[in-house]
Amino acid sequence: MGTGRNTTIIRSNYLYDESARIYDHALDLWDGLSQELNYNVMYSKRGVMMLAHNVHDMQSFHRHIHANRLNGVDNQWLTPEEAKAYCPPLSISKNARYPVMGAALQKKGGVARHDSVAWGYARAAAALGVDIIQNCAVTGIKRAADGAVEGIETERGFIATPKVGVSAAGNSSVLMEMAGLRFPLESYPLQALVSEPVKPVFPCVVMSNTVHAYISQSDKGELVIGAGTDQYVSYSQHGALHIIEHTLASICEIFPLFKRMRMLRSWGGVVDVTPDRSPILGKTPVPGLYVNCGWGTGGFKATPGAGHLLAHTIAKDEPHKINAPFTLDRFRTGRLIDEAAAAAVAH
Amino acid sequence: MLLIRCPYCEEERPEVEFSYAGEAHIARPADPSQLNDEQWAEYLFIRTNARGIHYERWCHRHGCARYFNAVRDTVTDKLQMTYKAGEPKPDAIGPSGGDK
Ligand SMILES: Cc1cc2nc3c(=O)[nH]c(=O)nc-3n(C[C@H](O)[C@H](O)[C@H](O)COP(=O)(O)OP(=O)(O)OC[C@H]3O[C@@H](n4cnc5c(N)ncnc54)[C@H](O)[C@@H]3O)c2cc1C
Ligand SMILES: [Zn+2]
């Protein structure tokens with residue numbers, strides 16, 4: 001659901017070592033994904049630029065860039081003029097309410113086509129003999145007397161299996177509840193919108209956490225725009241209009257030339273957010289039950305990495321060293337991976 | 001946008017006047033030093049995240065600035081009722097209806 005309907009930003013310039021490893025692992029895998037799936041996922045490394053508008057932004061971006069470089073993650077600082085050269089529609093007017101004081105650019109970041117990713121994976125998995133049962137909800141997780149997984153109940157009957165991997169994004173709490181587990185997750189609406197299609201005007205992805213919006217242009221020509229979640233827990237798959245107004249006001253502030261663009265449609269998905277804004281990927285207290293959740297507003301970029309790591313964890317019954325820190329238990333031990341404090345807004 | 005009735009102002013006002021403040025009826029531990037790590041995790045991080053009836057806190061930020069509680073169906077986003085902080089947890093009205 002999320003994978004088929006997101007704004008497709010791919011980047012790996014997260015602050016902490018654990019995050020750098022997991023997101024950069026995914027970024028490496030995006031490179032060969034079209035070949036591996038034999039399906040063009042249209043991964044385009046057009047660069048993701050994050051704008052700095054104040055001294056705090058500049059300091060925290062520099063910190064990110066240094067941390068990223070120590071981890072071998074691509075990220076560089078641009079002056080306002082360099083940012084403008086990289087993204088000509090950008091206004092670097094000194095008279096702006098939030099002038100651009102510089103930017104952090106991850107050149108390897110970019111976008112991919114969300115539908116192609118879902119279709120490509122589905123086709124490749126089917127070719128390997130995986131049965132994909134569509135429009136069939138899991139309604140229960142059956143456990144044996146010793147607590148281990150025995151199988152799942154679905155709308156179309158029971159499937160016996162000693163191992164279950166759950167990747168249910170916004171509905172993860174609901175699925176975990178079926179196994180008697182309570183998770184540190186809250187599900188929020190996240191909206192996005194696209195404009196009418198226009199000729200190529202926008203060469204990269206630009207994010208501004210301070211003015212609070214992000215934008216890119218799809219290969220169909222639509223401007224793809226998003227920002228933060230609605231404020232309350234919801235599974236309704238739609239959010240409020242004032243969030244969209246706020247998002248567009250921010251876009252017009254940074255890109256005055258888009259003031260007269262007409263918006264075509266908006267939509268909302270449900271994102272499962274953890275307290276530290278990092279995913280939970282690994283084993284659960286229930287033997288045979290594995291989980292990949294908590295990617296919140298930013299899990300599309302992790303698709304190939306998350307898939308590989310979940311598969312590894314299920315096959316070996318132990319996590320890969322890259323996802324080993326992303327346990328459920330970190331909320332008990334206090335060993336959080338606090339990208340929430342590091343980034344403050346949507347990924 | 002939600003229309004929310006502030007139980008103090010006794011008025012229905014647009015959501016932009018309010019800020020959401022998370023799940024309701026999570027009591028701060030009476031004797032914090034007695035809690036083990038598991039119980040701290042439960043208190044700090046574990047949430048019901050109900051798909052259906054949800055008890056939650058709101059603050060009338062741009063009005064009376066007071067916190068209160070609400071009962072809302074998270075599938076339809078329909079608010080069932082709001083009530084003052086400190087009042088007992090009421091029963092929800094009927095089944096959530098939308099929990100599919
Ligand atoms: C508007 C929006 C914009 C976003 N933009 C970005 C972005 O720019 N970059 C980025 O990296 N991320 C972005 N994200 C986040 C990203 O989309 C998600 O993190 C990611 O798609 C999650 O992938 P997934 O495979 O874990 O879950 P999903 O792709 O959401 O798949 C979960 C699946 O579980 C199914 N399911 C749920 N309950 C059940 C059940 N009971 N039985 C059976 N199946 C069930 C659902 O139908 C769904 O198909 C965005 C999200 C939204 C909503
Ligand atoms: Zn009030």
Item to check | Cα-Cα pairs of chain B separated by more than 21 Å (percent) | outcome: 40 percent
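Once the Cβ-Cβ distance between A:GLU82 and A:ASP17 is put in as r, and R0 is 22 Å, what FRET efficiency do you end up with, to the nearest 0.05?
That pair, A:GLU82 with A:ASP17, gives E of 0.20.
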Checklist entry - How many percent of the accessible area of chain B is carbon or sulfur, using a 1.4 Å probe? => result 48 percent
Next on the checklist: Solvent-accessible area of A:GLU81, probe 1.4 Å, all protein chains present, reported in Å² to the nearest ten, please.
Outcome noted: 110 Å²
Next on the checklist: Residue by residue through the range A:329-334, what is 3J(HN,Hα) from phi via Karplus (6.51 cos²θ - 1.76 cosθ + 1.60, θ = phi - 60°)? Round to whole Hz and write x for glycine and proline.
Outcome noted: 5, 4, 7, 8, 6, x
Checklist outcome for this item: Relative to chain A, whose Cα atoms define the longest principal axis, helix A:114-127 and its Cα axis are tilted in degrees, nearest 10, by 30 degrees
Checklist entry - At A:ASN38 and A:ARG260, where each label point lies 7 Å from the Cα along Cα→Cβ, what is the point-to-point distance in nanometres? => result 5.0 nm
Next on the checklist: Could you work out the pair-distance distribution P(r) of the protein assembly as shown from its alpha-carbon pairs, with 20 angstrom bin width and percents rounded to whole numbers?
Outcome noted: 23, 57, 20, 0
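What total accessible surface area, summed over both chains, is buried at the interface between chains A and B, computed with a 1.4 Å probe and given in Å² to the nearest 100?
2200 Å²
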Item to check | Compactness of the range A:94-145, expressed as Rg and Dmax over alpha-carbon positions, Å | outcome: 22.4, 69
Item to check | Choice from B:ASN36, B:ASN69, B:ASN49 with maximal GNM fluctuation in chain B (Cα, 10 Å cutoff) | outcome: B:ASN36
Checklist entry - What spacing in nm lies between the two simple spin-label points modelled at B:ALA65 and B:GLN34, each 7 Å away from Cα in the Cβ direction? => result 3.6 nm
Checklist outcome for this item: Non-local residues with an amide H under 5 Å from the amide H of A:ALA52, with H modelled 1.01 Å from N and Pro and chain starts lacking one, are A:MET101, A:GLY102, A:ALA103, A:ALA104
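Arrange the peptides A:229-241, A:146-158, A:303-315 so that the one whose residues have, on average, the most other Cβ atoms within 10 Å appears first. Could you put the intermediate results ahead of the total?
On the way: A:229-241: 21.2, A:146-158: 13.8, A:303-315: 19.5.
By packing density, highest mean first, the sequence is A:229-241, A:303-315, A:146-158.
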Checklist entry - Which of the lysines could a cross-linker span from A:LYS94 if the Cα-Cα distance has to be under 23 Å and same-chain partners fewer than 8 positions apart are dropped? => result A:LYS84, A:LYS259
Checklist entry - What nm value, rounded to one decimal, do you get for the distance between A:GLU153 and A:ASP329 when each label is placed 7 Å out toward the C-beta? => result 3.1 nm
Next on the checklist: Spelling out what I want: for every residue of the range A:179-193, take phi, set θ = phi - 60°, compute 6.51 cos²θ - 1.76 cosθ + 1.60 (Karplus), and round to whole Hz; glycine and proline get x.
Outcome noted: 9, x, 10, 9, 10, x, 10, 9, 9, 10, x, 10, 9, 8, 8
Checklist entry - Can you list the lysines whose alpha carbon sits under 26 Å from that of A:LYS283, skipping same-chain ones fewer than 8 residues off? => result A:LYS142, A:LYS163, A:LYS301, A:LYS316, A:LYS321
Checklist outcome for this item: For the range A:308-320, in residue order, the Karplus 3J(HN,Hα) values (coefficients 6.51, -1.76, 1.60; θ = phi - 60°; whole Hz; Gly and Pro = x) are 4, 5, 5, 4, 4, 5, 5, 5, 9, 6, 7, x, 5
Item to check | Helix A:55-70 vs. chain A, principal-axis angle (Cα, 0 to 90°, nearest 10) | outcome: 50 degrees
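Assign unit charges at the C-beta atoms only (+1 for Lys and Arg, -1 for Asp and Glu), then state the dipole size of the protein assembly as shown relative to its Cα centre in Debye, rounded to the nearest 20.
Details: 46 positive and 47 negative charges, 210 e Å.
Dipole size: approximately 1000 debye.
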Item to check | Qualifying aspartates and glutamates (Cα of each under 19 Å from Cα of B:LYS84; at least 8 residues distant if same chain) | outcome: B:GLU10, B:GLU11, B:GLU12, B:GLU15, B:GLU17, B:GLU23, B:GLU56, B:ASP73
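Within 10 Å of each Cβ of B:72-82, how many other protein chain Cβ atoms are there on average?
Average neighbour count from other chains, rounded to a whole number: 3.
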Checklist entry - For chain A, modelled as a Gaussian network with Cα springs under 10 Å, which listed residue fluctuates most, A:ILE280, A:ILE22, A:ILE133? => result A:ILE133
Next on the checklist: Which positions within the range B:1-21 get 30 Å² or more of their accessible surface covered by the other protein chains, compared to the chain by itself, with a 1.4 angstrom probe?
Outcome noted: B:MET1, B:GLU15, B:TYR20
Checklist outcome for this item: Long-range amide H partners of A:VAL166, meaning residues 5 or more apart or on another chain whose placed amide H is closer than 5 Å, are A:TYR290, A:VAL291, A:ASN292
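Any chance you could run the full-extension gain for A:ALA341 through A:ALA125? It's 0.36 nm times the residue separation minus the Cα-Cα distance, nm to one decimal. Write out the running numbers ahead of the final one.
Values: separation 216, 0.36 × 216 = 77.76 nm, distance 3.70 nm.
That works out to 74.1 nm of additional length.
Determine the shape class of the range A:48-104: with a ≥ b ≥ c the square roots of the Cα gyration tensor eigenvalues, call it rounded for a/c under 1.5, and otherwise prolate if a/b is greater than b/c, oblate otherwise.
Details: a/c = 3.40, a/b = 1.64, b/c = 2.07.
It comes out oblate by the Cα gyration axes.
Give me the mean projected area, in nm² to one decimal, of the convex hull enclosing the Cα positions of the range A:81-213. Could you put the intermediate results ahead of the total?
Values: hull surface 53.3 nm².
So the Cα hull casts an average projection of 13.3 nm².
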Checklist outcome for this item: Rounded to whole angstroms and listed largest first, the alpha-carbon spread of the range A:173-286 along its three principal axes comes to 53, 26, 26
Checklist entry - So what is the relative contact order of the range B:1-50, in percent, for Cα pairs below 8 Å that sit 6 or more residues apart? => result 24 percent
Checklist outcome for this item: Counting only backbone N atoms under 11 Å from a point 7 Å out along Cα-to-Cβ of A:ASP317, the residues of the range A:153-188 in range are A:163
Checklist entry - Which residue, A:CYS204, A:CYS252, A:CYS136, tops the fluctuation ranking in a GNM of chain A built on C-alpha contacts under 10 Å? => result A:CYS136
Item to check | Spherically averaged projected area of the range A:1-140 from its Cα convex hull (nm²) | outcome: 11.5 nm²
Next on the checklist: Could you report the protein assembly as shown's accessible area per residue, 1.4 Å probe, as an integer in Å²?
Outcome noted: 47 Å²
Item to check | Calculated [θ] (222 nm, deg cm²/dmol) that DSSP helices of n ≥ 4 give over the protein assembly as shown, each run adding -39,500 (n - 2.57) | outcome: -7500 deg cm²/dmol
Item to check | Kirkwood Rh, Cα atoms: Rg over Rh of the range A:271-340 | outcome: 0.94
Next on the checklist: Please list, by residue number, everything in the range B:54-79 whose backbone N is under 20 Å from a paramagnetic label point 7 Å out along Cα→Cβ of B:GLU87.
Outcome noted: B:54-74, B:78-79
Checklist outcome for this item: Given a Förster distance of 35 Å, the FRET efficiency implied by the Cβ-Cβ spacing of A:SER93 and A:HIS66, rounded to the nearest 0.05, works out to 0.75
Checklist entry - Roughly what angle does helix A:241-254 make with the longest principal axis of chain A, taking Cα atoms, 0 to 90 degrees, to the nearest 10? => result 40 degrees
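In whole percent, how big is the carbon plus sulfur part of the accessible area of the range A:129-262, probe 1.4 Å, protein atoms only? Please list the in-between numbers first.
Working: 3230 of 6130 Å².
Of all accessible area on the range A:129-262, carbon and sulfur atoms account for 53 percent.
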Checklist entry - Per residue in the range A:210-254, which ones lose no less than 40 Å² of accessible surface when going from chain alone to all protein chains (1.4 Å probe)? => result A:GLN231, A:TYR232, A:VAL233, A:TYR235, A:HIS242
Checklist outcome for this item: Residues whose modelled amide H sits under 5 Å from the amide H of A:ARG143, counting only those 5 or more places away in sequence or on another chain, are A:GLU150
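The values are calculated or read from the model by the stated rules, or taken from the named source; none is laboratory data. Predicted model, so just to flag it, every value in this text is computed and none were measured. Because the Cβ atoms are built from the backbone with ideal geometry, glycine has one as well, and the counts that use them run over all protein chains shown. Heads up: the accessible areas ignore ligands, DNA and RNA and are worked out on the full protein's heavy atoms, side chains in. Shrake-Rupley method; radii C 1.70, N 1.55, O 1.52, S 1.80 Å.
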